[in-house]
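Participant: Could you have a look at this structure, given as structure tokens, before my questions?
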Amino acid sequence: MTDALRSRVIARIESERESLVALSLGLHGDPEVAFQEHRASERVASFLRERGFEVERPYGGLETAFRATAAGRGDGPTVAILAEYDALPDIGHACGHNLIAMIGAAAAVGVREVLGHLDGRVSAIGTPAEEGGGGKVALVRAGAFADVAAAMMVHPSSRTISGRTSLASNRVEVEFHGKAAHAAAQPDRGINALDGLIQTFNAVNAMRQQLRPDARVHGIITAGGSAANIIPEYAAGKFSVRARDRLYQQEVLRRFVACAEGAAAATGTTLKVNVNENSGYENMVPSTPLTDRWAEHMRALGVEVMQPVDDERMGSTDMGNVSQIVPAAHPYIAIAPDGTPGHSTAFRDAAGTPEAHANAIAAAKALALTAVDLLADPALLARARAEFEERQRSGLLRGR
Ligand SMILES: [Zn+2]
Ligand SMILES: [Zn+2]
């Protein structure tokens with residue numbers, strides 16, 4: 001990229017500083033939870049519409065999703081910049097998604113400024129319900145990323161890192177059916193459904209010793225009988241089954257189901273297992289060329305970027321599903337003191353400070369410059385593509 005283009009991108013974002021902060025604070029002060037982000041998605045979509053983007057809203061079959069597109073001078077790849085804007089129940093923007101939306105809007109406006117010199121398109125895609133609803137899972141299924149060559153977003157954190165993985169995850173419900181009987185007078189006539197569930201927990205606990213350290217299997221009992229003097233005829237539980245990569249997670253899931261089947265055989269109960277596909281968050285596999293380029297731009301802007309540590313704590317994100325079908329970046333920008341836990345009121349308060357907005361605007365500039373590089377330099381996209389295809393061959397990535 002030429003210095004002239006770089007300067008124009010940065011100056012354009014800088015010129016919007018006040019309106020961007022107002023957009024973010026507007027979201028922060030009016031939190032809406034998963035799939036109910038009607039005002040938030042309209043705020044972000046209008047911001048982009050007013051700045052020359054073509055807006056589709058709703059998008060991909062989701063009421064609170066949108067896609068805002070601007071086209072360059074000729075045919076070329078489409079780079080997607082994603083914006084989340086859902087809040088958490090009760091504690092508002094405690095994951096800082098107001099800043100994700102602002103960074104996405106800022107970066108898209110920055111790229112559009114120089115699109116007249118580039119081949120291709122930029123699309124800002126508003127992706128609702130990251131917190132458990134799986135908005136991106138639904139958008140991936142609806143083909144919303146079918147024409148996208150690369151997808152990127154930045155998430156707030158207490159440390160600035162160019163990328164880290166996340167756990168592949170499924171939520172699973174198990175139900176055991178038995179036969180009720182008087183627990184003292186005729187216990188031999190009953191079939192104890194609760195025993196089926198308890199034996200499942202015991203089998204899972206035995207299995208843990210033979211699992212990789214990154215696997216997580218955790219559950220609760222949601223139905224366990226109605227009275228101590230009745231053999232329970234019905235018992236149910238909910239579990240999460242997670243691991244660092246999708247292949248191993250699927251193996252753990254198979255072994256989990258085998259634990260439940262063994263428990264059913266041992267207790268004479270009948271078993272029903274429901275694997276909830278909508279909450280199937282796949283593991284995030286960041287594209288190295290994209291995350292490295294973002295980090296280079298951050299350092300050139302004077303911001304320190306740390307390397308992820310080996311035993312990084314991680315949850316799950318639906319950006320993982322996007323990263324499984326297209327080269328993707330999901331770096332983190334520090335907006336709170338190191339060690340501030342996510343999903344806390346301290347993190348929510350940090351997501352509204354001037355310091356957080358200053359850091360987020362720097363992250364947006366680096367994101368815009370990375371997107372411009374992708375359109376200006378076909379070799380960068382080719383490297384991201386080659387790494388993706390290699391990982392697909394090795395089974396690390398699913399592909400489209
Ligand atoms: Zn969160
Ligand atoms: Zn989040």
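The values are calculated or read from the model by the stated rules, or taken from the named source; none is laboratory data. Here the structure is a predicted model, which is why all the values come from computation and not from measurement. Positions of Cβ are generated from backbone atoms using ideal geometry, with glycine treated the same way; all protein chains shown enter the neighbour counts.
Participant: Of all the strands (runs of 3 or more DSSP E) wholly in the stretch 139-212, which have at least 1 residues that are within 29 Å of Leu369 (Cα to Cα)?
Facilitator: Per the criteria, 148-152, 155-157.
Participant: Further question: Contact list please: Cβ distance under 8 Å, first residue in the stretch 374-388 and aliphatic (A, V, I, L, M), second residue at pLDDT below 95, pairs at least six apart or on different chains.
Facilitator: Ala376/Met1
Participant: Within the stretch 141-159, work out how many residues are buried (at least 22 other Cβ atoms within 10 Å of the Cβ) and away from ligand 1 (no atom under 16 Å from the Cβ).
Facilitator: 5
Participant: Still on this structure: Could we say that Arg254 is under 16 Å from Ala168 (Cα atoms), of a type outside the set (Phe, Trp, Tyr) and at pLDDT 95 or above here?
Facilitator: yes
Participant: For the stretch 79-127, how many residues are outside any strand (DSSP E or B), in contact with a helix residue (DSSP H, G or I) (Cβ under 9 Å, 6 or more places away or on another chain) and within 16 Å of ligand 2 (Cβ to nearest atom)?
Facilitator: 17
Table: residues versus (1) in a helix (DSSP H, G or I); (2) surrounded by fewer than 18 Cβ atoms within 10 Å (Cβ to Cβ).
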| residue | (1), (2) |
| --- | --- |
| Ala4 | yes, yes |
| Val9 | yes, no |
| Glu18 | yes, yes |
| Ala22 | yes, yes |
| Gln36 | no, yes |
| Arg39 | yes, yes |
| Arg43 | yes, no |
| Gly52 | no, yes |
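Participant: Restricting to helices (runs of 4 or more DSSP H) lying wholly in the stretch 306-400: which have 2 or more residues that are closer than 25 Å to Ser19 by Cβ?
Facilitator: 345-350, 354-376
Participant: Determine which single condition Arg299 fails, assuming it passes every other condition in (1) of a type in the set (D, E, K, R); (2) away from ligand 2 (no atom under 15 Å from the Cβ); (3) not in a helix (DSSP H, G or I).
Facilitator: (3)
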